[in-house]
Amino acid sequence: MSAALLANSLKPFAIEVLVIELPADPHMPMAEATGPEFSGLCRILGLDEREIIRRCQGTFRLGSQYLGETQRWFVPFAHLGMSAGQDEFEQALFQSLKGQRDADLDLWSIAAMAAKAGKFAIAGQDRLDLRQALDYGVHLDAKAYCQILQAYCQQLNVTWHAIDDKQLSLQHNDQGELLTCRLPHATLSADFWVDLSHECYLSSGQDSLINVSAQGKESRPRLPIRHSAQWMSAQQNFDQPCSQFMHFSGGWLKQIPLRSGTYYQCFSSTAAVALPTVEAQIRSLIADVPVQLVWQALQSESTVEPWQHNCLSLGQVANLCGGMVFSELQIVQAALVQFLDLFPDLPIGENNRRHFNVRWQDFAQEVYDFSLAHFVQSGADISSASIALSQRMQVFARLGRLEPLLSDATTEAQWYHLLFGLGLRPSLPSVVLSNVDTPSLQHKLSKVRQTIERLVQGMPRHRDYLAKFYPLTMVNDVKHNE
Amino acid sequence: MTQQRIVVLGGGSAGWMTAASLAKFLNPQQFTITLVESELIGTVGVGEATLPHLRSFNQLLGIDENEFMRETGATYKLAIQFPGWGEEGRSYFHPFGLSGHDICGIDFHHYWLHLNQLGKAEPFENYSIAVNAAKQQKYQYPSNNPNDISADYGYAFHLDATLYARYLRRFAEQRGVTRIEGKVVEVCLHQQSSVFHQVGDIASLRLDSGQLIDGDLFIDCSGFIGVMIEQALHTGYEDWTHWLPCDRAIAVPTERCATPPPYTRAAAKSAGWQWRIPLQHRTGNGIVYCSAYMDDEQAEKILLRDIEENPTAGLNKLRFTTGKRHKTWQRNCVAIGLSAGFLEPLESTSLYLIQIAIQKLLEHFPAQTISAVERDSYNRHMDTEYLRVRDFIIMHYKVNRRQDSEFWRYCQHMAVPDSLAAQMALFSEGGRISEYRQGLFLPASWLAVYLGQGLVPTHYDQRVTKLPSEQLHRHFEHYLADIKAAVDKMPSHVSSIAATQRRQSVDYPAAPRSLYGINA
Ligand SMILES: Cc1cc2nc3c(=O)[nH]c(=O)nc-3n(C[C@H](O)[C@H](O)[C@H](O)COP(=O)(O)OP(=O)(O)OC[C@H]3O[C@@H](n4cnc5c(N)ncnc54)[C@H](O)[C@@H]3O)c2cc1C
C-alpha cells in the first residue's frame, strides 16, 4: 500500500520508488479491517473499489459491534442522527436518554441499526446525506489485497527487490543519513527511505546515529495489551457488515467476517503464564478456536519521532497499539499522506522533520487514547497513562461534549459511541436546549429514530447486496482507472 | 426548583453580546439574567471591524442580516489592507478567502513560489477573488456552488459598535434580561461555604445606590479594569507587551465617505499603525502606537494628518496592556471581552474572541455547583484561542522590513513565542504552514501576510519544478482571467449596501463556519 500510494502520488513528478520486500512475517494479520480511508485510497490510486472487494473476499464494515462485560454497543464511522454537524444533536440525545437503564444510542445511528440487522447499501449520488450516515470501511483478505496492490505497483514501474534474509548492510554518511542498502544481488541507493518493518531495520541498526529510544525522546507508555493470537475459521458469515469485539476478562477478541470465513484476533493484557486461562475464556465465547493458539508477545511501545534523518520509520509506529482498533494500514496511510504533504527537498530541513514528528505525536496520542479507553472497564488505571484521555472522559461524563480532536485518527462520533458504550453518562443537561420543552425534544428524536427504522427496513440484506453487486471474482487484474 | 441567577457586569459589546445569547438560549424559568452597567463609566465605544464569524453569531441569535446592516450602519468587509507593513510605500491585502487552488495535491502557493522565482507570477494577492473585488470596490454574496470561483471567499462587516450594543440590548431586554443602571462599588465574596459555593466565590455586587445584586454565576464584561475577575478575584494577567509593544490608541470618527470601500485599512506608521473603517454614516479612524517610541502628541498629529474626512467628534484616548488573564474563568466568574484580555485590533479579532467565549460558555455551562471539569476545559479552549490570535498578530510585526524607525527594528529583532518561532521556521525552510484544528487563522491567512510582507522562502516543494513551467504559467493566466470575469460581473459595494436598505430583504447565504468561504 505504501509503495502504491507513494508511486502514484509521485508519478507526476517523475520520482522513482523502489521496494525491498522482506521475508513474510508469520504474525502479519490475515485479514484487514479498514475504515472509510479505504475508499479514499482507491480514489487516490484510481483503483476500482468494487473489484478489490470482489477479489479479496470482501465484506462491508459500518463500524464495530462491542460485546462488553455488561453492555453492548456499536461504534460506527458515521455520525449520529440523519445529518452531520447538527448542533446539539448528541446532547439532545444524551438528555433524552438520561436515567434510562438500558439506554441505547444505536437506535439513532443508521449505521449501527443497519449493521445489527445485517443490512447494507451504498446510497446513490443524489443522497449524499445518507452516504455520509452510512460511511463504511471494508474487511479484506490481506493476502489478496496485497497481491492487488503489488500488481498495481508493477503497472507503475515500481522496482521490486524481494529478499530472503533480513540481513541488510547499510551505509550512512557523517550526518547520519542512510545512503545505500546492500542486498544480496544489488546495492540500492536512495534519497529517502521509508521503513515499514516492525524491527526498524533501516533505522535502528545505526544505534549511534539513529537510536530511536535515545533520540526519540520518551516512548509512549505501554498499552495493557501484551499478547495476541490470530486464526481463521471456516465459518462464513454474510450477515455482519461490521467487525465485532468481544470482551473477556483482560482483553478483547476481535472478529472480522470475510466471505471465505471468519478471522479472529485475540488481544490479551495477561502475562504469558495466564494465557491458558485466556484460551479457556475464548473457548467459552466462541466454538471455533484451534486446538493450539500461537501467541505473539507484543511490543506496544514505539518511538515518538518516526522521522529521523532521511528515514521515516513507520513499521514500529504502525504497530502502535497492536493493531487492535486501528489497523497498521490505516495508520501508515495517514502517516504517508502527512509525509507527502511535507515531501522533503534535499537537504532535508530540520523544521519539516520536527513538524512531521509533532503532528505524528498528536495522531499517535489519539490512536493510543482511543485504544486505551477500551481497557477502562477492565479496571485499568488510565489516569497516569494519559492525561488527555482522562480529561476527555471527565468532560464527557460531565457535559456530554468532547475535548477537541487533535488529528484525523478518530471521529467525534466514534468517541461519543465508545464513551457512552463504556457506561459514561453526561450529568449536566445542555443549557442551549433548556428552552426546548421535553415533549418536543422527544418528538424530534423519535422522528429521527423512525426515519432510521424505515430506511433500514428498506435496505437490502448485506449478503444479498454482496451477491448482487459484488460477486466474488478470481480475475487476475483489477482495473486501474487512469 | 430555584432559578440560577446570572449577573453580567458591563454593557459594552461584550456585555450585550453575552446577555443577548444567554437570553436566546436559557430558559427563563430556570435562569434569571441581570445586566448591570454604568452610563457614567461608559464603554470603549470602538470595535467596528469584524470577522466573518460574526455572521454565525447573528445567525445563531436569529438576527436578520439586512436588518442588522440597517440598524448598525454596517458595510461589507472582504479584506484588510496593510499599507507599509512589509516595506514603506508597499501595500498588501489579507482577504477572507483563498488564493488559487492546489494542483496534483500540492498547495497553490508552491507553484506560485516557483513561477515567482522565474519572474512569471503576479503578486500573490492577485490570485484572490476577494482582493480583486475589494480593490475594485465591488461586492456580491459568495456563491453557494463550491465549483464556482465566487465561492472562494467569505465576508464580514464594518459596524457601529455603539449601535450594535444598542440593538442587542433591545434584543436581550425583549427576551427577559433585566438591565440595572448603576456603578458597582463593591464585589462581595462568600464568607462561608455552602452546597453551591465556596469561600471566596462572588456572592453579590453592591451598587453606588446601595442596592445588592446577588448571583450564582457572574460574567465580567467590565472592560479593561476587570472589576470582578481582577479587582476582586486577583486572577493575574499575562503581559504580552514584549511581543506586542503598542500600548495606546487614539480614536476619532470622521464624516462618511461617499464610496466606502469593502475593506478595513491598517496602515503602518513610524511606531504603530492607523485604522480606517468605513461605515454607512461615518468613518472610524484611530491610531494604535507604542508610547516608548511615539508620544501622544505625535500620535495625534499623525492621526489627524492622515484621516481623509473631517472629524465629527473629539479624540478618544485609550491605554492598554496587551495580554490575557491567567484564567478567564475563575471560581464562579467568567471574564468575557476586554476584561479577559486584549489583543490590538490589527486583525479585528476582539469581537470574535467574545463570540467564541460565549459559545464555549454555553457549551460548558455549569450547574449551580461549579466543577473544575467544565471550568478547566473552558479555560483550555480559551487559552488556545488567545494564543492562536496572539501569534498571528505578532507575526505581522516580526516580519516587517521597515528600516525607518527604532520601533520597527525592535520588532524585527525581538524574540517571539516558541509556537510562532516554529511556525515561521517551517515556512522559511520550505514554504510550509502548520495547520491547526482549533483556533483562528488557517494557512490562507498566514500566506497572505507572509507573502504580502515579502517573506518569500527560497525553498519550496521541489515537485512543482517537474511540471513544465509554460503549462503552469498558462494555468495561472486562465485563473486570473476567471477571477476578472467574475469580478467584472459583481455590482458595486455601494449598490450592494443599498439593496439591504429596502424592507423586502435580499436573500443572503447561510454563514459558513470558515473565515474563507465554503471551499475552505
Ligand atoms: C483602540 C481599540 C480599537 C478596537 N477595534 C476593534 C475592532 O476593530 N474590532 C473588534 O472586534 N474589536 C475592536 N476592539 C475591541 C473592542 O472594542 C472590544 O472588544 C469590545 O468593545 C468589547 O468591550 P467590552 O464590552 O469588553 O468593554 P467596554 O466597552 O469597556 O465595556 C465595559 C462596560 O462595563 C461597564 N463597567 C465598568 N466598570 C463598571 C462598574 N464599576 N460598574 C458598572 N459598570 C461598569 C461600563 O459601563 C461598560 O458598560 C478595539 C479596542 C480598542 C481599545
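Among the residues of segment B:450-472, is any more than 20 Å from A:Pro344 (Cα to Cα), touching a Leu at 6+ places or on another chain (Cβ under 8 Å) and in the same structural domain as B:Phe93 (by TED's automatic domain parsing)?
So the first thing to find is which residues in segment B:450-472 are more than 20 Å from A:Pro344 (Cα to Cα), and the list is B:450-455, B:468-472.
Next cut, touching a Leu at 6+ places or on another chain (Cβ under 8 Å) only: B:469, B:472.
Of the ones still in play, those that are also in the same structural domain as B:Phe93 (by TED's automatic domain parsing) are B:469, B:472.
Checked segment B:450-472: at least one residue is more than 20 Å from A:Pro344 (Cα to Cα), touching a Leu at 6+ places or on another chain (Cβ under 8 Å) and in the same structural domain as B:Phe93 (by TED's automatic domain parsing).
Check whether at least one residue in segment B:349-369 is among the charged types (D, E, K, R) and within 28 Å of B:Ser13 (Cβ to Cβ), and report yes or no. Break it down into steps so the answer makes sense when it comes.
To start, the set of residues in segment B:349-369 that are among the charged types (D, E, K, R) comprises B:360, B:363.
Keeping just the survivors that are within 28 Å of B:Ser13 (Cβ to Cβ) gives B:360, B:363.
Yes, because at least one residue in segment B:349-369 is among the charged types (D, E, K, R) and within 28 Å of B:Ser13 (Cβ to Cβ).
Just wondering, is there one or more residues in segment A:289-309 that are in contact with a Phe, Trp or Tyr (Cβ under 8 Å, 6 or more places away or on another chain) and in a strand (DSSP E or B)?
yes
For A:Ala7, state whether it is hydrophobic (A, V, I, L, M, F, W, C), buried (at least 17 other Cβ atoms within 10 Å of the Cβ) and under 23 Å from the mean Cα position of the chain (by Cα).
On the way: hydrophobic (A, V, I, L, M, F, W, C): yes; buried (at least 17 other Cβ atoms within 10 Å of the Cβ): yes; under 23 Å from the mean Cα position of the chain (by Cα): yes.
In short, yes.
Cβ-Cβ below 7 Å, separation at least six or inter-chain, first residue in segment B:162-176 and within 14 Å of chain A (Cβ to nearest Cβ) and on the phi < 0 side of the Ramachandran plot, second away from the ligand (no atom under 15 Å from the Cβ) and not β-branched (Val, Ile, Thr): which pairs?
Pairs found: B:Arg175/B:Ala23; B:Arg175/B:Lys24.
Those residues that are outside any loop (DSSP other than H, G, I, E, B), closer than 15 Å to B:Asp216 by Cα and of a type in the set (S, T, N, Q), I need them from segment B:1-55; list them, please.
Of everything in segment B:1-55, those that are outside any loop (DSSP other than H, G, I, E, B), closer than 15 Å to B:Asp216 by Cα and of a type in the set (S, T, N, Q) turn out to be B:Gln4, B:Thr32, B:Thr34.
Against the condition modelled with pLDDT of 95 or more, surrounded by 23 or more Cβ atoms within 10 Å (Cβ to Cβ), more than 19 Å from B:Gly284 (Cβ to Cβ) and within 14 Å of chain A (Cβ to nearest Cβ), how does B:Leu22 come out, does it pass? Quick ask: steps written out before the conclusion?
On the way: modelled with pLDDT of 95 or more: yes; surrounded by 23 or more Cβ atoms within 10 Å (Cβ to Cβ): yes; more than 19 Å from B:Gly284 (Cβ to Cβ): yes; within 14 Å of chain A (Cβ to nearest Cβ): yes.
Yes.
Taking B:Gly454 as meeting all but one of (1) more than 30 Å from B:Arg70 (Cα to Cα); (2) in a loop (DSSP other than H, G, I, E, B); (3) in contact with a Ser or Thr (Cβ under 9 Å, 6 or more places away or on another chain), write down the number of the exception.
Result: B:Gly454 passes all but (3).
Would you mind finding the one in B:Ala415, B:Ala421 that is away from every other protein chain (no Cβ under 14 Å), within 19 Å of A:Asn351 (Cβ to Cβ) and surrounded by fewer than 20 Cβ atoms within 10 Å (Cβ to Cβ)?
Details: B:Ala421 fails: away from every other protein chain (no Cβ under 14 Å).
Exactly one residue qualifies, and that residue is B:Ala415.
Cβ-Cβ below 6 Å, separation at least six or inter-chain, first residue in segment A:75-88 and outside any loop (DSSP other than H, G, I, E, B), second at pLDDT 90 or above and not hydroxyl-bearing (Ser, Thr, Tyr): which pairs?
Partner pairs satisfying both residue conditions: A:Val75/A:Gly63; A:Val75/A:Gln414; A:Val75/A:His417; A:Val75/A:Leu418; A:Pro76/A:Leu62; A:Pro76/A:Gly63; A:Pro76/A:Ala111; A:Pro76/A:Ala112.
In segment A:380-470, which helices (runs of 4 or more DSSP H) lie fully inside it and hold 1 or more residues that are touching a His at 6+ places or on another chain (Cβ under 9 Å) and without any contact (Cβ under 8 Å) to a residue 60 or more places away in the chain?
A:387-399
Mind listing just one residue for me: the one in segment B:168-197 that is touching a Ser or Thr at 6+ places or on another chain (Cβ under 7 Å) and away from the ligand (no atom under 14 Å from the Cβ) and, of those, nearest to B:Gly12 (Cα to Cα)?
B:Thr178
Can you work out which of the residues in segment B:443-471 that are more than 12 Å from chain A (Cβ to nearest Cβ) and more than 25 Å from B:Phe82 (Cα to Cα) is nearest to the chain's Cα centre (by Cα)?
Filtering segment B:443-471 down to residues more than 12 Å from chain A (Cβ to nearest Cβ) leaves B:444-456, B:469-470.
With more than 25 Å from B:Phe82 (Cα to Cα) added as a condition, the list becomes B:469-470.
Working: B:Ser469: 39, B:Glu470: 41 Å.
By that ranking, first place goes to B:Ser469.
Identify the single condition in (1) in contact with a Phe, Trp or Tyr (Cβ under 8 Å, 6 or more places away or on another chain); (2) surrounded by fewer than 15 Cβ atoms within 10 Å (Cβ to Cβ) that B:Met490 does not satisfy, given that it satisfies every other one.
If we test B:Met490 against (1) in contact with a Phe, Trp or Tyr (Cβ under 8 Å, 6 or more places away or on another chain); (2) surrounded by fewer than 15 Cβ atoms within 10 Å (Cβ to Cβ), just (2) comes out false.
From the list A:Asp437, A:Asp464, A:Asp381, A:Asp408, pick out the single residue that is modelled with pLDDT of 95 or more and either at negative phi or more than 13 Å from chain B (Cβ to nearest Cβ) (or both). So that I can check it myself, show each step before the final result.
Values: A:Asp437 fails: modelled with pLDDT of 95 or more; A:Asp381 fails: modelled with pLDDT of 95 or more; A:Asp408 fails: modelled with pLDDT of 95 or more.
Answer to the selection: A:Asp464.
Of the conditions (1) without any contact (Cβ under 8 Å) to a residue 24 or more places away in the chain; (2) more than 14 Å from chain A (Cβ to nearest Cβ); (3) not basic (Lys, Arg), B:Glu347 fails just one. Which one is it?
Checking B:Glu347 against (1) without any contact (Cβ under 8 Å) to a residue 24 or more places away in the chain; (2) more than 14 Å from chain A (Cβ to nearest Cβ); (3) not basic (Lys, Arg), the one that fails is (1).
Scan B:Lys360, B:Lys301, B:Lys327, B:Lys317 and give me the residue that is without any contact (Cβ under 8 Å) to a residue 40 or more places away in the chain, among the basic types (Lys, Arg) and in contact with a helix residue (DSSP H, G or I) (Cβ under 9 Å, 6 or more places away or on another chain). Write out each step before concluding.
Details: B:Lys301 fails: in contact with a helix residue (DSSP H, G or I) (Cβ under 9 Å, 6 or more places away or on another chain); B:Lys327 fails: without any contact (Cβ under 8 Å) to a residue 40 or more places away in the chain; B:Lys317 fails: without any contact (Cβ under 8 Å) to a residue 40 or more places away in the chain.
Sole residue among the options that is without any contact (Cβ under 8 Å) to a residue 40 or more places away in the chain, among the basic types (Lys, Arg) and in contact with a helix residue (DSSP H, G or I) (Cβ under 9 Å, 6 or more places away or on another chain): B:Lys360.
Evaluate the following for A:Leu107: is it of a type in the set (A, V, I, L, M, F, W, C), over 17 Å from A:Phe245 (Cα atoms) and not in a loop (DSSP other than H, G, I, E, B)?
Values: of a type in the set (A, V, I, L, M, F, W, C): yes; over 17 Å from A:Phe245 (Cα atoms): yes; not in a loop (DSSP other than H, G, I, E, B): yes.
Yes; evaluated as a whole, the condition is true for this residue.
For A:Pro306, indicate whether it is over 16 Å from the mean Cα position of the chain (by Cα), touching a residue at least 12 places away in the same chain (Cβ under 8 Å) and closer than 29 Å to B:Val464 by Cα. If you could, list the steps in order and put the result at the bottom.
Numbers: over 16 Å from the mean Cα position of the chain (by Cα): yes; touching a residue at least 12 places away in the same chain (Cβ under 8 Å): yes; closer than 29 Å to B:Val464 by Cα: yes.
Answer is yes for this residue.
Please verify whether B:Gly62 is near the ligand (Cβ under 10 Å from one of its atoms), closer than 18 Å to B:Thr18 by Cβ and not acidic (Asp, Glu), treating the condition exactly as stated.
Details: near the ligand (Cβ under 10 Å from one of its atoms): no; closer than 18 Å to B:Thr18 by Cβ: yes; not acidic (Asp, Glu): yes.
So B:Gly62 fails the test.
Among the helices (runs of 4 or more DSSP H) contained in segment A:1-57, which hold 1 or more residues that are among the aliphatic types (A, V, I, L, M), under 23 Å from A:Arg131 (Cα atoms) and within 14 Å of chain B (Cβ to nearest Cβ)?
A:37-45
Select from segment B:26-47 the residues that are surrounded by 22 or more Cβ atoms within 10 Å (Cβ to Cβ) and more than 7 Å from the ligand (Cβ to nearest atom) and write down the one among them that is farthest from the other protein chains (Cβ to nearest Cβ).
Among them, the one singled out is B:Leu35.
If the requirement is being out of contact with any strand residue (DSSP E or B) (no Cβ under 9 Å at 6 or more places or on another chain) and basic (Lys, Arg), which of these qualifies: A:Arg55, A:Arg43?
Numbers: A:Arg55 fails: out of contact with any strand residue (DSSP E or B) (no Cβ under 9 Å at 6 or more places or on another chain).
The unique qualifying residue is A:Arg43.
Among the residues of segment B:325-340, count how many are closer than 19 Å to B:Gln438 by Cα and surrounded by fewer than 24 Cβ atoms within 10 Å (Cβ to Cβ).
Matching residues across segment B:325-340 total 1.
Just for segment B:220-267: of the residues that are away from the ligand (no atom under 15 Å from the Cβ) and among the hydroxyl-bearing types (Ser, Thr, Tyr), which one is nearest to the other protein chains (Cβ to nearest Cβ)?
B:Thr235
Being more than 15 Å from B:Pro457 (Cα to Cα) and assigned to a loop (DSSP other than H, G, I, E, B) narrows it down to one residue among B:Tyr436, B:Tyr410; which is it? Don't jump to the end; show me each part of the working.
On the way: B:Tyr410 fails: assigned to a loop (DSSP other than H, G, I, E, B).
Sole residue among the options that is more than 15 Å from B:Pro457 (Cα to Cα) and assigned to a loop (DSSP other than H, G, I, E, B): B:Tyr436.
For B:Ile287, state whether it is within 13 Å of the ligand (Cβ to nearest atom), within 14 Å of another protein chain (Cβ to nearest Cβ) and either in contact (Cβ under 8 Å) with a residue 24 or more places away in the chain or small (Gly, Ala, Ser) (or both).
For B:Ile287, the condition - within 13 Å of the ligand (Cβ to nearest atom), within 14 Å of another protein chain (Cβ to nearest Cβ) and either in contact (Cβ under 8 Å) with a residue 24 or more places away in the chain or small (Gly, Ala, Ser) (or both) - is not met.
The values are calculated or read from the model by the stated rules, or taken from the named source; none is laboratory data. Just so it is clear, the structure is predicted and the values come from calculations on it, not from any experiment. Note: ideal-geometry Cβ built from the backbone for every residue, glycine included; neighbour counts use all protein chains shown.
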